[in-house]
1. Quick one: in the range 116-136, of everything that is among the β-branched types (V, I, T) and touching a Ser or Thr at 6+ places or on another chain (Cβ under 9 Å), which residue is surrounded by the fewest Cβ atoms within 10 Å (Cβ to Cβ)?
2. Considering each residue of the range 137-147, count those that are over 19 Å from P117 (Cα atoms) and either open to solvent by 70 Å² or more (accessible area, probe 1.4 Å) or among the β-branched types (V, I, T) (or both), and give that number.
3. Looking at the range 43-92, which of its residues are surrounded by 10 or more Cβ atoms within 10 Å (Cβ to Cβ), under 30 Å from F152 (Cα atoms) and at pLDDT 85 or above?
4. Considering (1) closer than 17 Å to Y99 by Cβ; (2) at pLDDT 80 or above; (3) among the charged types (D, E, K, R), say which one K12 fails and leave the rest.
5. Is it true that some residue in the range 94-105 is modelled with pLDDT of 95 or more, open to solvent by 40 Å² or more (accessible area, probe 1.4 Å) and not acidic (D, E)?
6. List, please: which pairs have Cβ atoms under 8 Å, are six or more places apart or on different chains, and start with a residue in the range 9-26 that is at negative phi and end with one that is modelled with pLDDT under 75 and among the small types (G, A, S)?
7. Hey, among P117, P163, which residue is touching a residue at least 60 places away in the same chain (Cβ under 8 Å) and not β-branched (V, I, T)?
8. Pairs, please: C-beta under 7 Å, at least 6 apart or cross-chain, first residue of a type in the set (S, T, Y) and in the range 121-140, second buried (at least 16 other Cβ atoms within 10 Å of the Cβ)?
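The values are calculated or read from the model by the stated rules, or taken from the named source; none is laboratory data. Please read these numbers as outputs of a predicted model, since none were measured by experiment. FYI the Cβ positions are ideal-geometry reconstructions off the backbone, even for glycines, and counts take in every protein chain you see. Accessible surface is based on the protein model in full, side chains and every heavy atom, while ligands, DNA and RNA are left aside. Shrake-Rupley method; radii C 1.70, N 1.55, O 1.52, S 1.80 Å.
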Amino acid sequence: YEELIRRIPVKKGDFVQIVPGTIHAITGGLLILETQQSSDITYRVYDYGRLVDGKPRPIHVEQSIEVTNVPDESDRKGLVHAQNLSNNEMHDLVSCEYYKVWKLNVSGDCCIKQTEPFMNVSVIEGDGKIDGREIRRGDHMILPYGYGEVRFSGNMELILSSPVE
C-alpha cells in the first residue's frame, strides 16, 4: 500500500474536499473539522500497522471495493488554501451536490443573511458574539431556516455549511 499512497501536504487553515468514494486517511498531528453528508459507515482498507490491545484492527477490503472510485479522479483541486482571506465576507470553499461550505473571518462587526435551509456554524479560532451571545473556539451552532440577518462581532474564524436543496 505504501507505494500507492499519495500524500498531500497541508498547512494550518487549509480546506480539503474529499470526494465520496475516495480512500483517505488523516495523519497524526492534524486537527480537523469534518463537514459531510451524514453516514454511519466507515470501511478500513489499511491501518498503517496500528494495533489495538496488541491486535490489528479489522480491515474491510471486500466492502470497500464496492464503494471506491477506481481510478481515483480526485486531485489537488480539492485543496483550498484558506489562510489570509479578507475579513467580514463569506468565502466559498466548496459547493457540491450535497453541501456548501464557507469561511468567514470576523474582525469587529459583521452581518450576513441566513437564507439557506439551515446553516451550521463552527468557531475554529478566536471568540466573539453571535447576536449578542458569547461564542468561542470549539462552539458549534445551527441557524435555522428563516433566521434572517445574523450579527457577528469579535475576532474569530468561522466555518459555515449548509445542505444543498
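1. In this case the residue turns out to be I130.
2. Here the count works out to 1.
3. L85, N87, N88, E89, M90, H91, D92
4. In the conditions (1) closer than 17 Å to Y99 by Cβ; (2) at pLDDT 80 or above; (3) among the charged types (D, E, K, R), K12 misses (1) alone.
5. Checked against the condition, which is being modelled with pLDDT of 95 or more, open to solvent by 40 Å² or more (accessible area, probe 1.4 Å) and not acidic (D, E), the range 94-105 yields no hits at all.
6. Cβ pairs passing all conditions: V16/G78; Q17/G78; I18/S74; I18/G78; V19/S74; V19/G78; T22/S74.
7. Unique residue meeting the criteria: P163.
8. Sorted first by the residue in the range 121-140, then by its partner, the pairs are S122/L158; S122/I159.
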